[in-house]
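> Starting off with a structure, shown below.
Quick note: the coordinates plus some simple rules give every number you see, no bench work behind them. Here the structure is a predicted model, which means the values were calculated and not measured. Please note: Cβ atoms are built from the backbone with ideal geometry, for glycine as well, and neighbour counts cover all protein chains shown.
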Amino acid sequence: MSDVLVVSEHRRGELRDVSLELLTAGRELADALDGDLHVAVVAGDVERFADELNRPGVDRIHAVENGEEFDHTVYAAAVEALAERIDPAAIVTPNSVNGLDYAPAVAERLDVPLVADVLGFEYDADGGLTVTREMYGSKVETTVAVEGDRFCLTVRGGEFVPAEGVGDAEVGSVDIEAPESGARVKGFEEVGGGDVDIADADVLVSVGRGIGEEENLDLVEELADALGATLSSSRPIVDNGWLPKNRQVGQSGKVVTPDVYIAVGISGAVQHVAGMKGSDTIVAINTDPNAPIFDIADYGIVGDLFDVVPELVAEFE
């Protein structure tokens, strides 16, 4: 009992980025346990998803054909059945709406501890598993010791580098007899409306309370347009009703990992940083040289955004 089972996630016909991040996390844990990495893909276009998940480090992919979208009953039954067949030491799922839906049910049925919203972990054969989590609105980082030799983890997106390359994992089809479900997906509605998913953007220009007034958003939108970027924001902008909820980055918004993240007039509260610290390159513009955002920024501009942004727009145009 040393293998790891990662459960991938897809939505509306597309594999979610967190699935590839979990391959990295799962491989690290499997190496520490000296076991194999198994990956489950449940429902949807399992053949295509299995091909996308076939990355170096994956030993076996289990494809469960049952429906097109997420269903609690199907996922819980599939993961439980796979766990009984594989007998893994660890089950790793995304810390997402879906993952937090079925993971507790699976953990309860298998009688194993569940640790949610995991940022990182270490495993020692003598000391067992310890995981890193955040508490009190991401203000405190804690280390939790997990008792027992089997466990279930939900891992926060954006904390691990997505697995890359082409693997040679064995792919097998698995038949699962799931109980009849009384639920079905009838449609999707983006949070806050709109057709933009900031989590998929390569470049984000994000605006905070430093913009002052709603009419000043036009200036930051000009910068986003000049860069071919997507506009996002911190929570105060959404709370004021200036941008819809689907544009919010942070603990109560979306976790994003773009190639470039430009924070305009954002101080860098821990709740916001939790949603964008995984960005490849972070650029901060703020009048306060002691703003927390500069602690994680790769490049910082101390200055008034109303002076700096027009200069950047002119440069990029």
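> Measure off 7 Å from each Cα along the Cα-to-Cβ vector at Asp288 and Arg12, then give the distance between these two points in nanometres to one decimal.
3.6
> Which ordering of Ser234, Ser8, Ser173 is given by a fewest-first count of other beta-carbon atoms within 10 Å? Display every interim value, and only then the final one.
Details: Ser234 31, Ser8 24, Ser173 12.
The most exposed by this proxy come first: Ser173, Ser8, Ser234.
> Right, here's the next one. Put a dot 7 Å past each Cα toward the Cβ at Asp175 and Asp295; how far apart are the dots in nm?
Simple spin-label model gives 5.6 nm for this pair.
> May I ask you to evaluate 6.51 cos²θ - 1.76 cosθ + 1.60, the Karplus curve with θ = phi - 60°, for each residue of region 259-275 and list the ³J(HN,Hα) values in order in whole Hz, giving x for glycine and proline?
The phi angles translate into 5, 9, 10, 9, 9, 10, x, 10, 6, x, 4, 4, 5, 6, 4, 4, x Hz.
> Report, in degrees rounded to the nearest 10, the 0 to 90 angle that the Cα long axis of helix 72-86 makes with the longest principal axis of the chain.
Rounded to the nearest ten degrees, it is 50.
> Let me ask something else. In whole Hz and in residue order, list the ³J(HN,Hα) couplings for region 217-223 that follow from phi through the Karplus curve 6.51 cos²θ - 1.76 cosθ + 1.60, θ = phi - 60°; x for Gly and Pro.
Ordered by residue, 3J(HN,Hα) equals 4, 4, 5, 6, 5, 4, 5 Hz.
> I need the shape label for the chain. Rule: rounded when a/c is under 1.5, else prolate if a/b > b/c, else oblate, with a, b, c from the alpha carbon gyration tensor.
It is prolate, given that a/c is not under 1.5 and a/b is the larger ratio.
> Charges on Cβ only, +1 for Lys and Arg, -1 for Asp and Glu, centred on the Cα centroid of region 4-173; of Val58, Val112, Gly137, which one is farthest towards the dipole's positive end?
Projecting each Cα onto the dipole axis, the largest value belongs to Gly137.
> Roughly how tilted is helix 17-33, in degrees to the nearest 10 and between 0 and 90, from the longest Cα axis of the chain?
Value to nearest ten degrees: 50.
> So, one more: Taking the Cα centre of region 4-173 as origin and charging only Cβ (+1 Lys, Arg; -1 Asp, Glu), how large is the dipole, in debye to the nearest 20?
Numbers: 13 positive and 35 negative charges, 76 e Å.
Using only the charged Cβ atoms, the result is roughly 360 debye.
> Taking only the alpha-carbon atoms of region 4-173, what semi-axes of the equivalent ellipsoid follow from 5 times the gyration tensor eigenvalues under a square root, in whole Å, largest first?
Details: eigenvalues 109, 58, 52 Å².
So the equivalent ellipsoid measures 23, 17, 16 Å along its semi-axes.
> Follow-up. Suppose we keep just the DSSP beta bridges with both residues in the chain; what percent of those would be antiparallel, to 5?
Details: 14 of 58 bridges.
Of the beta bridges lying entirely in the chain, close to 25 percent run antiparallel.
> Okay, moving on. Nearest 10 degrees is fine. How inclined is helix 305-316 to the longest principal axis of the chain, computing both from alpha carbons?
Rounded to the nearest ten degrees, it is 80.
> Normalising by the residue count of region 42-127, find the relative contact order in percent from Cα pairs under 8 Å and 6+ residues apart.
Relative contact order here is 24 percent.
> What distance in nm separates the simple spin-label points at Ala314 and Leu219, each placed 7 Å from Cα in the Cβ direction?
For Ala314 paired with Leu219, the spin-label model returns 1.4 nm.
> For region 1-86, which trypsin sites (Lys or Arg not before Pro) pass both filters: DSSP loop (anything but H, G, I, E, B) and at most 12 other C-beta atoms within 10 Å?
The qualifying sites are Arg12.
> Fully extended, how many nm does the chain gain between Glu108 and Glu164 (0.36 nm per residue separation, minus their Cα-Cα distance)?
16.8 nm
> Sticking with this structure for a sec: Based on Cβ point charges of +1 for Lys and Arg and -1 for Asp and Glu, what charge dipole magnitude is obtained for the chain about its Cα centre, in debye rounded to the nearest 20?
For the chain, the charge dipole is close to 760 debye.
> Still on this structure, please answer the following. Mean separation of Cα pairs under 8 Å and 6+ residues apart, divided by the residue count of region 4-173: what relative contact order is that in percent? Intermediate values should be presented prior to the final figure.
Numbers: 362 pairs, mean separation 50.0, N = 170.
Averaging sequence separation for qualifying contacts and normalising by length gives 29 percent for region 4-173.
> So what is the relative contact order of region 221-299, in percent, for Cα pairs below 8 Å that sit 6 or more residues apart? Write out the running numbers ahead of the final one.
Numbers: 124 pairs, mean separation 18.5, N = 79.
In percent, rounded to a whole number, it is 23.
> Return the long-range amide H neighbours of Gly268 (sequence gap of 5 or more, or a different chain), with a cut-off of under 5 Å between placed amide H atoms.
Under 5 Å from the amide H of Gly268: Ile293.
> Which aspartates and glutamates does Lys186 reach when only Cα atoms under 13 Å apart count, and residues fewer than 8 places away in its own chain are ignored?
Within reach: Glu68, Glu69, Asp71.
> Taking the Cβ of Ile86 as the centre, find all other residues whose Cβ is under 9 Å away and add up their charges (Lys, Arg: +1; Asp, Glu: -1).
-2
> Take Tyr261, Tyr299 and order them by how many other Cβ atoms sit within 10 Å, fewest up front.
Sorted ascending by nearby Cβ count, the order is Tyr299, Tyr261.
> Under the rule of -39500 (n - 2.57) per DSSP H run of 4 or more residues, summed and divided by the residues of the chain, what mean residue ellipticity at 222 nm is obtained, to the nearest 500 deg cm²/dmol? Show your work: numbers first, answer last.
Details: 9 runs with 88 residues, N = 317.
That calculation yields -8000 deg cm²/dmol at 222 nm.
> May I pose another question? To the nearest 20 debye, what is the magnitude of the charge dipole of region 198-316 about its Cα centre, counting +1 on the Cβ of each Lys and Arg and -1 on the Cβ of each Asp and Glu?
660
> Then there is this: Could you work out the pair-distance distribution P(r) of region 74-191 from its alpha-carbon pairs, with 10 angstrom bin width and percents rounded to whole numbers?
Pair shares across the bins are 11, 34, 37, 16, 2.
> Order of Lys139, Lys277 from fewest to most other C-beta atoms within 10 Å?
In order of increasing Cβ crowding within 10 Å: Lys139, Lys277.
> Using alpha carbons only, how many angstrom separate the centre of region 266-313 from the centre of region 52-101?
38
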